[in-house]
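Undergrad: Input: one structure, supplied below.
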Amino acid sequence: MRNLISFINKYSFFFLFLLFEVFAFYLLFRNNNFQRVSFFNSTNAISGSFYESYSELTDYINLKEVNDALAAENERLRSTQINSFQRLFGENIMVKDTLFKRRFRFAKAKIINNSINKQNNYITLNIGSSNGIESGMGVIGPSGVVGVVKNVSENYASVLSVLHRSAKVSAKLKNTQYFGSLQWDGKNYKEGILKDIPNHVHLTEGDTVVTSGFSATFPEGISIATIQKFVKPEGENFYDIKVKFVNDFKNISQVYVVKNSYKLEQVLLEEQSLKEDD
């Protein structure tokens with residue numbers, strides 16, 4: 001207590017000066033509208049700048065939660081798209097949508113391992129059989145096709161990437177509907193080749209290549225690539241077409257596993273037809 005009194009006594013003139021200074025500012029802002037408005041505008045600008053910086057910091061910290069929320073929303077939206085359903089009866093559509101049965105469902109997943117610089121590249125996902133994932137399911141990214149699930153454990157899945165020499169995707173030209181097979185040439189991770197497109201078809205650089213819907217792996221119309229360049233080999237019936245993948249496989253983290261409710265039925269029926277031809 002004695003030290004406190006001694007401190008106040010030692011700096012009494014300074015404290016008295018501060019008191020008068022505060023009182024003087026009070027009188028200034030109270031009796032002069034211009035100064036009062038200028039003061040509050042300045043403090044609002046400073047506090048506004050502080051809150052803006054704080055908001056940017058919290059937005060950055062919350063990026064993971066935001067990305068997860070967006071991925072969940074994309075999963076829901078993809079599952080409600082019309083090409084995820086199968087028409088059951090004729091051309092009529094009843095008000096309660098009883099003519100459609102959901103064919104495709106989408107499960108969001110995160111890539112935890114990825115390779116792009118090998119001849120045969122694989123991707124590892126953080127979901128597995130406990131999440132309903134099975135071998136043969138398609139995998140798509142934010143922009144388009146990524147690959148096909150190959151092996152599954154309880155909590156993880158290994159994906160045969162499009163960047164694999166044995167990976168082939170049934171594809172078609174979005175504009176003309178001519179179909180062929182798209183695969184990687186084992187060179188540039190950004191590029192692939194589209195085969196079996198007849199050379200009488202009109203092509204343009206930049207044309208979009210999408211999934212054909214012929215296989216039970218992917219819905220129809222999922223983007224895969226765009227035509228980069230093409231030539232007509234002399235004496236051949238088909239184009240040589242180089243395409244650019246829509247996904248940047250070096251910068252992808254969130255994907256969706258495609259679950260086709262009708263896949264087993266389709267595969268069994270097709271296998272039965274093949275056996276009958278033998």
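The values are calculated or read from the model by the stated rules, or taken from the named source; none is laboratory data. Treat the numbers as computed from the prediction; the structure is a model and nothing was measured. Cβ coordinates were reconstructed from backbone atoms using ideal geometry, including for glycine residues, and neighbour counts include every protein chain displayed.
Undergrad: Does I111 fit the bill of being among the hydrophobic types (A, V, I, L, M, F, W, C) and either part of a loop (DSSP other than H, G, I, E, B) or touching a helix residue (DSSP H, G or I) at 6+ places or on another chain (Cβ under 9 Å) (or both)?
TA: Answer is no for this residue.
Undergrad: Counting only residues that are within 18 Å of the chain's Cα centre (by Cα) and under 12 Å from V159 (Cβ atoms), how many does segment 116-142 have?
TA: Selection size over segment 116-142: 10.
Undergrad: Is it the case that G180 is farther than 27 Å from K108 by Cα and assigned to a strand (DSSP E or B)?
TA: yes
Undergrad: Here's something else I'd like to know. If the requirement is being surrounded by fewer than 21 Cβ atoms within 10 Å (Cβ to Cβ), assigned to a loop (DSSP other than H, G, I, E, B) and in contact (Cβ under 8 Å) with a residue 12 or more places away in the chain, which of these qualifies: K242, K229, K250, K259?
TA: K250
Undergrad: Follow-up. If a residue has to be closer than 21 Å to K263 by Cβ and crowded, with 17+ Cβ neighbours inside 10 Å to count, how many in segment 180-212 make the cut?
TA: We begin by selecting, within segment 180-212, every residue closer than 21 Å to K263 by Cβ; these are 181-182, 210-212.
Checking which are crowded, with 17+ Cβ neighbours inside 10 Å leaves us with 182, 210-212.
Of the residues in segment 180-212, 4 are closer than 21 Å to K263 by Cβ and crowded, with 17+ Cβ neighbours inside 10 Å.
Undergrad: I need a count of the residues in segment 110-126 that are buried (at least 19 other Cβ atoms within 10 Å of the Cβ) and more than 16 Å from K250 (Cβ to Cβ).
TA: Matching residues across segment 110-126 total 1.
Undergrad: Which is surrounded by fewer than 22 Cβ atoms within 10 Å (Cβ to Cβ) and in a loop (DSSP other than H, G, I, E, B), of N151, N155?
TA: N155
Undergrad: Taking segment 186-203, which residues are more than 30 Å from I127 (Cβ to Cβ) and touching a residue at least 24 places away in the same chain (Cβ under 8 Å)?
TA: Let us first name the residues in segment 186-203 that are more than 30 Å from I127 (Cβ to Cβ), namely 187, 193-203.
If the condition is that a residue be more than 30 Å from I127 (Cβ to Cβ) and touching a residue at least 24 places away in the same chain (Cβ under 8 Å), then I193, L194, K195, D196, I197, P198, N199, V201, H202, L203 are the ones that fit.
Undergrad: Separate question: In this structure, does S135 turn out to be modelled with pLDDT under 90, hydroxyl-bearing (S, T, Y), in contact with a strand residue (DSSP E or B) (Cβ under 7 Å, 6 or more places away or on another chain) and assigned to a loop (DSSP other than H, G, I, E, B)?
TA: No, not satisfied.
Undergrad: Mind listing just one residue for me: the one in segment 216-265 that is touching a Phe, Trp or Tyr at 6+ places or on another chain (Cβ under 9 Å) and basic (K, R) and, of those, nearest to S181 (Cα to Cα)?
TA: K242
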